[in-house]
Amino acid sequence: MSRTLIIGLGNPILRDDAVGLHVARRVQDALPSAAGIEVVQECVGGLRLMERMVGYDRALLIDARRSGRPPGTVQLLDPLDMTTQHSASSHDVNLATALAVGRRSGARLPADDQIRIVAVEVEDVETFSETMSPAVEAAVPAAADRVLRVIETEWEAA
């Protein structure tokens with residue numbers, strides 16, 4: 001049986017940066033007791049994020065993104081195509097580099113085609129607040145639905 005890890009990324013006290021955590025909670029509530037699927041919330045990136053994926057066959061990350069699109073836009077991305085708030089850091093390596101390092105060291109990680117990122121375009125990730133901006137908060141159900149569709153359509157058939 002394949003092991004799938006869903007990671008909601010974010011910081012709960014940096015306004016819109018918490019979006020990944022909120023989406024992960026909603027996904028956890030919506031998932032039936034599915035064997036082989038674990039949903040977690042993390043505040044890590046780079047090498048620590050890679051280490052969290054060791055031993056899983058598939059990984060889906062949920063994170064905040066700032067790319068200039070309207071706040072609340074939900075996108076499905078591949079790990080090598082982009083950076084989200086936690087997949088890259090000025091104090092660590094980006095996700096693609098972390099995965100390469102892990103694989104070179106012999107870590108059992110999901111293949112690149114078995115890693116997906118659901119990114120939500122955010123407005124403010126610098127203000128200390130436990131309240132997300134209205135457009136980002138409104139995007140949580142759509143982002144959770146996108147995660148569930150990946151699990152049901154892409155991965156359940158595999």
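Just so you know, all these numbers are worked out from the coordinates, no wet-lab data involved. On a predicted model such as this, the values are computed, not experimentally measured, just so you know. Using ideal geometry, Cβ is built from the backbone for each residue, glycine included, and neighbour counts are taken over all protein chains shown.
Results, tabulated for the structure shown:
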{"quantity": "Peptides ranked, highest mean first, by Cβ atoms within 10 Å: ranges 2-11, 16-25", "calculated": "16-25, 2-11"}
{"quantity": "Percentage relative contact order, the chain, counting C-alpha pairs under 8 Å, at least six apart", "calculated": "33"}
{"quantity": "Principal semi-axes in Å for the stretch 4-155 [√(5λ), Cα gyration tensor, largest first]", "calculated": "23, 18, 13"}
{"quantity": "Net charge of neighbours whose Cβ lies under 14 Å from the Cβ of VAL136, counting Lys and Arg as +1 and Asp and Glu as -1", "calculated": "-4"}
{"quantity": "The chain - mean residue ellipticity at 222 nm from DSSP helices (-39,500 (n - 2.57) per run, n ≥ 4, rounded to 500)", "calculated": "-8500 deg cm²/dmol"}
{"quantity": "Computed label-point distance, nm, for sites THR131 and LEU31 using a 7 Å Cα→Cβ extension", "calculated": "3.1"}
{"quantity": "Label-point separation in nm, ALA100 to GLU152, each point 7 Å along Cα→Cβ", "calculated": "3.7"}
{"quantity": "Percent antiparallel among DSSP beta bridges (both partners in the chain, rounded to 5)", "calculated": "15"}
